1. B:A72 passes all but one of (1) under 14 Å from A:I105 (Cα atoms); (2) more than 7 Å from chain A (Cβ to nearest Cβ); (3) not acidic (D, E); which number fails?
2. Out of A:V109, A:V33, A:V75, A:V46, I need the residue that is β-branched (V, I, T), touching a Leu at 6+ places or on another chain (Cβ under 7 Å) and more than 19 Å from B:D78 (Cα to Cα). Which one?
3. Check B:V27 against each of (1) assigned to a helix (DSSP H, G or I); (2) exposed (fewer than 13 other Cβ atoms within 10 Å of the Cβ); (3) within 12 Å of DNA strand C (Cβ to nearest atom) and name the one condition it does not meet.
4. Any idea which residue in segment B:87-99 is farthest from the other protein chains (Cβ to nearest Cβ), counting only those that are out of contact with any Asp or Glu (no Cβ under 7 Å at 6 or more places or on another chain) and surrounded by fewer than 20 Cβ atoms within 10 Å (Cβ to Cβ)?
5. Inspect all residues belonging to segment B:40-61 and state whether any of them is at the interface with chain A (Cβ under 8 Å from one of its Cβ atoms), away from DNA strand D (no atom under 12 Å from the Cβ) and open to solvent by less than 80 Å² (accessible area, probe 1.4 Å).
Protein chains: 2
Amino acid sequence: MTHFGKHIRSRREDLRKHDRRFSLRQVAQRIEVEPAYLSKIERGDVAPPSEATTLKLARDLGEDQDVLLALAGKVSSDLQEIIRKRPKLFADLIRKMKEAPDHAILRIVREVRDGEW
Amino acid sequence: MTHFGKHIRSRREDLRKHDRRFSLRQVAQRIEVEPAYLSKIERGDVAPPSEATTLKLARDLGEDQDVLLALAGKVSSDLQEIIRKRPKLFADLIRKMKEAPDHAILRIVREVRDGEW
DNA sequence: TGTCATGTATTATATATAGTACACATTAAG
DNA sequence: CTTAATGTGTACTATATATAATACATGACA
């Protein structure tokens, strides 16, 4: 699919330069999958793993969870739940935001954080 | 799962009061599934159908697509795609909006529509 | 009263998802 | 030099997803 595999492989290899515990086998063990499976994931031989496994991987490699999920072609289930609770409102909001530049979205996030409602 | 089945059954039966074309069989034919399958969906005997089938159903029954997808436990793939393109930004936005009251979100949608950036 | 339409029960199935298990060749380390 | 660790090939599997096909009992209707 995407370059999910390439991404985590290069990230893992970067980390390994300074820390031997980032061998494929040791990462696999920590995130509780078989080494052969992680190998296939990194080479793009299989589709990206489940949300749960992707999250463990993000934690282990120190990556942003939402970004890694996105690379895996997924959207975090907690976000989905928020949307599903008020589908019209959020669908509308998100579609409107589609074309908005980053800074506009950031401004809104800041406004909301500062409790401006 | 949820009351997806109940919901569409009652909606369909309401429509049928004024239009005989809303029998289970005829709806099934229009949305291109087997009557037996639609029957099972309505009775909650199986999980809600795929996104594609749910959308056809929404169109046929004149329901809001995002709302019906939400009842099916899903989030529209076009929304997911928007989020995946800027995962950090949107994850942040949506989580911040989680607690916001409807009117606050509506206000933002309006502001964005009016091009306030 | 027979036929037509309705909803449903049962059985089957193709494809996708998410991995495991094990063996093997190569490389690195003591 | 040999032991231990590394990455990978191959084969297999369990569960879920999303439906199809057929047959059947009941009720409407003409």
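The values are calculated or read from the model by the stated rules, or taken from the named source; none is laboratory data. Quantities reported herein were computed from a predicted structural model and do not represent experimental measurements. A quick note on method: Cβ atoms are made from the backbone with ideal geometry, for glycine too, and the neighbour counts reach across all protein chains shown. All accessible areas refer to the heavy atoms of the entire protein, side chains included, with ligands and DNA or RNA removed. Shrake-Rupley method; radii C 1.70, N 1.55, O 1.52, S 1.80 Å.
1. Result: B:A72 fails condition (1) only.
2. One residue alone meets the criteria, A:V109.
3. With respect to (1) assigned to a helix (DSSP H, G or I); (2) exposed (fewer than 13 other Cβ atoms within 10 Å of the Cβ); (3) within 12 Å of DNA strand C (Cβ to nearest atom), B:V27 is out only on (2).
4. Taking segment B:87-99 as the starting set, the residues that turn out to be out of contact with any Asp or Glu (no Cβ under 7 Å at 6 or more places or on another chain) are B:90, B:92-99.
Cutting the leftovers down to surrounded by fewer than 20 Cβ atoms within 10 Å (Cβ to Cβ) gives us B:92, B:95-96, B:98-99.
On the way: B:D92: 5, B:R95: 7, B:K96: 5, B:K98: 5, B:E99: 9 Å.
It comes out as B:E99.
5. Keep residues of segment B:40-61 that are at the interface with chain A (Cβ under 8 Å from one of its Cβ atoms), which gives none.
No, segment B:40-61 contains no residue that is at the interface with chain A (Cβ under 8 Å from one of its Cβ atoms), away from DNA strand D (no atom under 12 Å from the Cβ) and open to solvent by less than 80 Å² (accessible area, probe 1.4 Å).
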